[in-house]
Amino acid sequence: MSDTLRAPNPGLLKAAPPSQASLRSLWGSVWKHGLLASVTLAATAAITIGLPDVVPWGSAGLFAAITGTAALIFLVVAFTVHRLGGSGRTLQHYGPWFVAIGVWLALWELSTAKTGWLPKPFFSPPHGLLHVYVTESQRLLICIAYSLRLWSVGFFCGIAVGYGLGVALGWSKRFSYWGMPVLKLIGPVPATAWIPCTFYFFPNTFDASVFIVALASGIPVAILTASGVASVNRAYYDVSRIFGAGSWYLIRNIAIPASLPHVFVGLFMGLYYSFAVLVVAEMLGAKYGLGWYIQFQTAYSGYANVYATLLIMSVICAGIVKLLFVIRDHLLTWQKGFI
């Protein structure tokens, strides 16, 4: 009996190496960036709820719950990311960003709410911005609706006029002779510099604001469209004329499709310019809107509200840019593999 107890079990000795190998294989399949993101987000939640605020901001518990939940989600995904297919590969691609966001939120909390190194009211912690969204959600939604109405009317009017003007400038040498110098003269002038003129020519502040946004978005579209139409290979026109094509056919079926890459560059430029002047345009006397809200809160040193509004504008602009990329890729599929 004692010999049996003293003798090692050969089966256990042989089973040990496969167990260690399986552990190494399991660790090798873990998404490291997801695990680090989980740790940094958990640290952010612990800092938010565990350390006292120098000045109360509100919604600290809600922010800690959100970041803590996100940490748990990343912890689970870190061990299951390889089973998620394409979504898992996308998450792995943005893994370093998730880690950076977690580190940034933790440092942001420490430097503002917990130590006061970046003091109130000039700087706000993350849960201060969240508190703005919780308490001001109704007013912010109204302002978003007003801003989107103003921006959409001004942007689409601007690109419609700018596109038509650009096609005419690129197609007609006579029109370009007179129109292009004027466009080059007006183009470098900031759209906001025309505010005094808008008060005289437009009956109300909304129409004046629409003109400012349209001017900022229309000029880049006009210049890039004219460049695109003028740069089309003339051999295409010559071949089409041999087969009896008229001017309208050449414009519609050759000039416009060939100039679309330049047009989309102008659209992207016009989009950013229009958002840049949107805030100023809404300061002309609008009763609502994100620009009006920023001006109103700045007057009362509500900088947390200002930062929260700027974040909303960034998200909206990024979403519209993404939509524009999707439209461009759909319309320009014929270019893939061609250039």
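Between Ile142 and Ala318, the FRET efficiency from the beta-carbon distance, with R0 = 22 Å, is close to 0.50.
Going through [x] 1.29; [y] 1.46; [z] 1.24, the figure that equals Cα Rg over 2.2 N^0.38 Å as computed for the structure here is [y]. From most to least packed by mean Cβ count within 10 Å, the peptides 220-230, 237-247 give 220-230, 237-247. Short-range pairs are left out: with C-alpha atoms under 8 Å and at least six residues apart, the relative contact order of the chain is 17 percent.
Sites listed here are chymotrypsin sites (Phe, Trp or Tyr not before Pro) in region 246-339 whose DSSP assignment is loop and whose Cβ has at most 10 other Cβ atoms within 10 Å: Tyr300, Phe338. Neighbours of Ser247, meaning other residues whose beta-carbon lies under 15 angstrom from its beta-carbon, give a summed charge of +4 when Lys and Arg score +1 and Asp and Glu score -1. When the solvent-accessible area of region 100-234 is split by element, carbon and sulfur atoms take up 73 percent of it, the probe being 1.4 Å. Annotation: peptides 92-103, 313-324, ranked by per-residue average of other Cβ atoms within 10 Å with the highest first, follow the order 92-103, 313-324. Axis of helix 10-28 versus longest Cα principal axis of the chain: the two differ by about 20°, to the nearest ten degrees.
The values are calculated or read from the model by the stated rules, or taken from the named source; none is laboratory data. None of the values given here were measured: they were computed from a predicted structure. Heads up, the Cβs are rebuilt from the backbone with ideal geometry, glycines too, and the neighbour counts pull from every protein chain shown. In case anyone asks, the SASA skips ligands and DNA or RNA and just uses the protein heavy atoms, side chains included. Shrake-Rupley method; radii C 1.70, N 1.55, O 1.52, S 1.80 Å.
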